[in-house]
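A short worksheet on the structure shown next.
The values are calculated or read from the model by the stated rules, or taken from the named source; none is laboratory data. Note that the coordinates shown come from a computational prediction; the quantities given were computed from them, not determined experimentally. Positions of Cβ are generated from backbone atoms using ideal geometry, with glycine treated the same way; all protein chains shown enter the neighbour counts. These area figures cover heavy atoms from the full protein model, side chains too; ligands, DNA and RNA do not enter into them. Shrake-Rupley method; radii C 1.70, N 1.55, O 1.52, S 1.80 Å.
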Amino acid sequence: MNKTKWQEQAFCWPKGYSSDAVHAGLRYSKLDLGWVVSDVVANAAGVYTTNKICAAPTSITKNLVKKTQQLQAIVMNSGFANACTGEQGVKDVLLEQQWVSEKLGISADLVGVASTGLIGTALPMDKMRQGITKLEKTQNDLITQAILTTDTKTKTLCLRIEIEGKPCTITGFAKGSGMIHPNMATMLAFVVTDCAIEANTLQSLLSELTEQTFNQITVDGDTSTNDMVLLMANGKAGHQQINEQSTDYPLIKQAYQFMLTELAKMIAQDGEGATKLIEVNVQGAKTIEEARIAAKSIVGSSLVKSAIFGADPNWGRIVSALGASQIHLDPATVSVNINQISVVKKGQAANFDPNEVSEALKSAVIFIDVFLQVGNAQGQAWGCDLTYEYVNINASYAT
């Protein structure tokens, strides 16, 4: 992807945005509650979990954004997911919206809510209220820490582009470490910009790009109750509003594709207990959908992930996962490379040195390239290795 039309830069907020986070006591000692606020009402778009058990904040925010296509603030917390909490969970979300709206002097219908953490426990609302009263409109980046759970690091990206000669900023941050198997996964992602983008265009853009970015990552095959990606565009950069017919739309789309891809890869790389990022590239598939299915089947295979953790050059795990994906393929035309080393050629073992492949599998990033030769479509997926530490983390998550 051509990055010459935008620049990556140190984390900063676009024009008209502020943020803050505090330790509200939802967790032992970490930042756990915060917000992002726009000075003006922003066009908004969202995509959400496909899990039929959907947490109250996710469900309410989904319905809100679908109805209004606008937001001015998003309040978010870690520690408690507010999922499977019944009518009390719904009431608590409405209270959060009310408290934020009163503090900012805006309508409660402009407040999105996001939560992540332990399922099945009600939010400690006294602590939530006290925490919200402490939030300020600052330029700090503490919110990128406050949404983390078992993550080991923040996941942020800031891009600078130019529209009609005017500088614009697109800033994104995310969390996600376990229960990552989108459509989507225990992941939250937020991207805010001062670009002026028409609301329907923003939603269409996000829906399309989610399919090839966040929906192509997997850590453990489990889909969460709280997944959410929200976009806000407040237009403070001062250019004409962009729609799909605008001259600058391709640039906007490319920048967002890069943003969402990089955030998705950061989530995959920081999977619980992970030591390696795995990128699977499938070429020569019959359709784009089948290419993506194949790539995700490989990167989601526990056997493939375990082999990569152990640097075991067992390419049979890869072709087995590929065959199980049920896509169109001819076994006699399948070829596979691992970190550019040919291990399968036309359905049979290539002439390779197992020690060389094993050494390549010790790299921090593993590239698996699959050549199907039954069509012209291609697709990607990202994941991580499966380690002893993953089991250790999840064997005692609630205790």
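For LEU159, the stated conditions do not hold, so it cannot be described as touching a Phe, Trp or Tyr at 6+ places or on another chain (Cβ under 9 Å), part of a helix (DSSP H, G or I) and touching a residue at least 60 places away in the same chain (Cβ under 8 Å).
Does LYS153 satisfy the condition of being charged (D, E, K, R), surrounded by fewer than 23 Cβ atoms within 10 Å (Cβ to Cβ), modelled with pLDDT under 95 and more than 30 Å from HIS239 (Cα to Cα)? Here the answer is yes, as LYS153 does meet what is asked. Scanning the stretch 109-124 for residues that are within 14 Å of ASP32 (Cβ to Cβ) and of a type in the set (A, V, I, L, M) yields a count of 3.
Conditions (1) of a type in the set (S, T, N, Q); (2) closer than 30 Å to ASN376 by Cα; (3) touching a Leu at 6+ places or on another chain (Cβ under 9 Å); (4) at pLDDT 95 or above, marked per residue:
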{"position": "ASP222", "(1), (2), (3), (4)": "no, no, no, no"}
{"position": "LEU230", "(1), (2), (3), (4)": "no, no, yes, yes"}
{"position": "ALA233", "(1), (2), (3), (4)": "no, no, yes, yes"}
{"position": "ILE252", "(1), (2), (3), (4)": "no, yes, yes, yes"}
{"position": "GLU272", "(1), (2), (3), (4)": "no, no, no, no"}
{"position": "ALA285", "(1), (2), (3), (4)": "no, yes, yes, yes"}
{"position": "SER297", "(1), (2), (3), (4)": "yes, yes, yes, no"}
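Beta carbons closer than 7 Å, at least 6 apart along the sequence or on distinct chains, pair a first residue in the stretch 312-328 that is farther than 20 Å from ILE366 by Cβ with a second that is in a helix (DSSP H, G or I) and open to solvent by 40 Å² or more (accessible area, probe 1.4 Å) for ILE327/ILE293.
Among the numbered conditions (1) open to solvent by less than 10 Å² (accessible area, probe 1.4 Å); (2) assigned to a loop (DSSP other than H, G, I, E, B), the only one that GLY235 does not meet is (1). Within the span defined as the stretch 162-170, every residue fails to be touching a Ser or Thr at 6+ places or on another chain (Cβ under 6 Å), of a type outside the set (A, V, I, L, M, F, W, C) and open to solvent by 10 Å² or more (accessible area, probe 1.4 Å). Looking across the stretch 125-150, the residues that are β-branched (Val, Ile, Thr), open to solvent by less than 40 Å² (accessible area, probe 1.4 Å) and assigned to a helix (DSSP H, G or I) come down to ILE132, ILE143, THR144. Restricting attention to the stretch 359-388, the residues that are touching a Pro at 6+ places or on another chain (Cβ under 7 Å) and surrounded by fewer than 14 Cβ atoms within 10 Å (Cβ to Cβ) add up to 0. Against the conditions (1) under 30 Å from the mean Cα position of the chain (by Cα); (2) at positive phi; (3) not aliphatic (A, V, I, L, M), ASP312 satisfies every one except (2). Looking across the stretch 115-144, the residues that are out of contact with any helix residue (DSSP H, G or I) (no Cβ under 6 Å at 6 or more places or on another chain), modelled with pLDDT under 95 and closer than 23 Å to PHE214 by Cβ come down to THR116, GLY117, LEU118, ILE119. Among the strands (runs of 3 or more DSSP E) confined to the stretch 1-112, the ones with at least 2 residues that are open to solvent by 40 Å² or more (accessible area, probe 1.4 Å) and modelled with pLDDT of 95 or more are located at 33-48.
Here's a check for you: in the stretch 359-386, which residue that is modelled with pLDDT under 95 and out of contact with any strand residue (DSSP E or B) (no Cβ under 8 Å at 6 or more places or on another chain) is farthest from GLN340 (Cα to Cα)? Only one residue tops the list, namely LEU386. Screening the stretch 179-203 for residues that are open to solvent by 10 Å² or more (accessible area, probe 1.4 Å) and under 17 Å from SER78 (Cα atoms) and picking the one that is modelled with the lowest pLDDT gives MET179.
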